[in-house]
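Below is one structure, written out as structure tokens; comments come after it.
The values are calculated or read from the model by the stated rules, or taken from the named source; none is laboratory data. This structure is a prediction, so every number in the text was calculated from the model and none was measured. For neighbour counting, all protein chains shown are included, and Cβ atoms are generated from backbone atoms with ideal geometry for every residue, glycine included. SASA here: full protein model, heavy atoms, side chains in, ligands and nucleic acids out. Shrake-Rupley method; radii C 1.70, N 1.55, O 1.52, S 1.80 Å.
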Amino acid sequence: MTPGVTAGGTAGVTAGGTAGVTAGGTAGRTLLVADGVLPLDGEPVGDPLPRALLLDGDRIAWVGDPADAPATDAPRVDLDGCWITPAFVDAHVHGTATGLAATGLDLDGVGSLAAALAAVRRHAADRPGRVVRGLRWDDSTWPERRPPTARELEAAAPGRPVLLLRVDGHSCVVDPGTLARLPLARLAGVDRDAAGEPTGWLLEEASQAARRLVDGALSAADLAAARRAAAEAAAGLGIASLHEMGHPGLSSLDDALAWAAGGLPVEVLVWWAELDAGAGPRHGLRPGGDLFLDGSVGSGTAAVAQGYPGGGTGELFHDDDAVTAFFVGCTGSGRGAGVHAIGDRAIDQAVRALERAAEEHGAEAVRRCRHRIEHLELPRPDHLGRLARLGVVASVQPAFDDRWGGEGRLYAQAFGGATARAMNPLAPLAAAGVALAFGSDSTVTPLDPWGGVVAAEEHRGGLGIARVDALRAHTLGGRWAAGQDDVGPLRPGLRADLAVWDGDPLVGAPRRLRCAGTGVAGRVAHHAGALGAAGIPKVVCPAASHRLRGCARVWRRVTVLAGPRSGCDASGGPPHPRRRAGRGGHPESRLTCCFAPFPLVSAGMAAVDGDGGTAYGLRRLRRRRTSAGDGTHDEPGRSGLREGGDRRLVVPSRERGRPRPHRPTDGREGLAQPAWKQG
């Protein structure tokens, strides 16, 4: 099934706009040849795999085997040792907060309240006179099992404004001075002690007010720098498109419009979370997105039927009629809308509202919109079929289960082990025919697309999906959700958004993969290089990674950059003691490479080795397990079983002696129909 164009918009001209690409120039016709290409075009992943792409401007012109490439004078770029996939989409981010986190206090992984306060003390001492803005503290992992108080923050950073956002983004703690500047009597969500005094912990509405107060002091330059930092970080991870979740309680309309204006390395589509169905579209933004129907589990505000150990069942922030009017209005105007719903009560409210929209406009009109529910962590079994029938997209974050699922963690603490194992049910959703789109909800969890793929594959409750389907959900699912039907799979005629990796994404541990290049609409958004002392762009060989920083591909004029005299295994690990000498494999070799930045190449470019000669290929050392499986050794130009003892056969390629993996045909590659396309 090829998705049809929907009212949600198409790539290139979409509600919310697309970001202009500023890194690199426009690509002409270029033939990319790699060890493998994963088109993810709905066909089974099998043998033989395509190994080449012909790009023509911002489009893919052809995909196949290099021997069958159409006659062309286009330059050929050999990406030895690399694989090409569709670029990732992060379908749920808070981009400005992500950029601000780079200079803030990151409390992720801090193991106790005492350690968090010590970190605040150090951060304040290192940055005198500035706001202490921290994030990602998680009291569910602390022995004290409580947030800091305002008085404790004042003691750690005397006289300083302090705002510490909880990891879920639905509550925060602030200092006494910030508390005094807030209209606490008019705000819901103010935690108070037994005497009725505010403790400093603020939830939902009160937390949003504190964020607006503190972040309102940031300059326009600070915010612009944060947006660019987030976009550049995304491009470096193989992400070509971000779904920015604008929210009046978390950021400003001006910030959302700045994201939509473009001029960034990656595409950005922007949603605006107001209950008025026309509020976002009036500004050229998409409706809803992270429109809170409920809160979060960690803050005890997700709306759940079974309740929390300390009492209460969370909150529904809007009544049924208002949510129904929102979906009816969006469906009537043909716009795909989104809502945030974590608990089963909130999900049920969304499903009932969508069913009423179908009664008003017809089920097919609802399906065409591709409405989305963000998070969808605690659906009831009966919700799955109802969502599938209405074509609703599950915009989910697999990293949530990785972080808070499993025995003894947050979800089990809140609801017990059986409920925790059933949360974030990826396999049941896919089996029911619900389309999946993966994201991070950064800063709740970091931008880490391969981490999301692994988390989906290794669901802590056993409800994960195959890696290839998780990869589809993280690359193509967001395209489907956004109505972008001319970009996604690596298929002739579609827009050229792709990522280059230094290994096979379906073999071994994908978190070890390094992004060697990211392309957005045929332009270079990222390549694995740095500026030299003279400002000449160069690209570091992805296989050698950080250990061969002298490896260079130079532009326009030959520049010799000698590699450091230290060993490097092509897999990115330390040199193996039994490494063979020669062909660049000796630990003292000055090997450099010519990994060409995708997709640009011109006649004036040359790659150089450490001795000043021109090199046109990276001779990789690949690790091969012995037949006994009890050790490894290195052989130039061969590839065998990789991490984890994967038993896939390796058969030699007919061209240039490169190996080609032979895919198993026993159905282990994934679901019969791609999870991203179901429904």
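Quick notes
- Test result for residue 461, in contact with a helix residue (DSSP H, G or I) (Cβ under 7 Å, 6 or more places away or on another chain), farther than 15 Å from residue 296 by Cα and assigned to a loop (DSSP other than H, G, I, E, B): yes
- Within segment 301-333, tally of residues that are open to solvent by less than 50 Å² (accessible area, probe 1.4 Å), in contact (Cβ under 8 Å) with a residue 24 or more places away in the chain and under 20 Å from residue 424 (Cα atoms): 6
- Counting only helices (runs of 4 or more DSSP H) that sit completely within segment 344-417, those holding 3 or more residues that are under 21 Å from residue 316 (Cα atoms) correspond to 344-361, 381-389, 410-415.
- Test: residue in segment 440-450 that is on the phi < 0 side of the Ramachandran plot and assigned to a helix (DSSP H, G or I): yes
- Search result, residues across segment 428-452 that are among the small types (Gly, Ala, Ser), at pLDDT 95 or above and open to solvent by less than 30 Å² (accessible area, probe 1.4 Å): 430, 433, 435, 437, 439, 440, 451, 452
- Among the candidates 253, 269, 293, the residue that is open to solvent by 30 Å² or more (accessible area, probe 1.4 Å) and either under 28 Å from the mean Cα position of the chain (by Cα) or among the small types (Gly, Ala, Ser) (or both) is uniquely 253.
- Qualifying residue in segment 72-79 (condition: assigned to a loop (DSSP other than H, G, I, E, B), within 23 Å of residue 524 (Cα to Cα) and touching a Leu at 6+ places or on another chain (Cβ under 6 Å)): yes
- Filter result for the condition that a residue is of a type in the set (Val, Ile, Thr), assigned to a loop (DSSP other than H, G, I, E, B) and either open to solvent by 10 Å² or more (accessible area, probe 1.4 Å) or at pLDDT 50 or above (or both), over 500, 507, 524: 507
- Restricting attention to segment 31-49, the residues that are assigned to a loop (DSSP other than H, G, I, E, B) and free of Cβ contacts under 8 Å to residues at least 60 places away in the same chain total 1.
- Where a residue in segment 336-365 is modelled with pLDDT under 95 and its partner, wherever it lies, is in a helix (DSSP H, G or I) and among the aromatic types (Phe, Trp, Tyr), with Cβ under 7 Å and at least six apart: none
- Residue in segment 409-424 that is modelled with pLDDT under 95, in contact with a Leu (Cβ under 8 Å, 6 or more places away or on another chain) and open to solvent by 10 Å² or more (accessible area, probe 1.4 Å) present: no
- Qualifying positions in segment 354-378 - closer than 15 Å to residue 393 by Cα and open to solvent by less than 10 Å² (accessible area, probe 1.4 Å): 354, 366, 369, 370, 371, 372, 373, 374, 375, 376, 377
- Segment 272-284: number of residues that are part of a loop (DSSP other than H, G, I, E, B) and either touching a helix residue (DSSP H, G or I) at 6+ places or on another chain (Cβ under 6 Å) or open to solvent by 10 Å² or more (accessible area, probe 1.4 Å) (or both): 7
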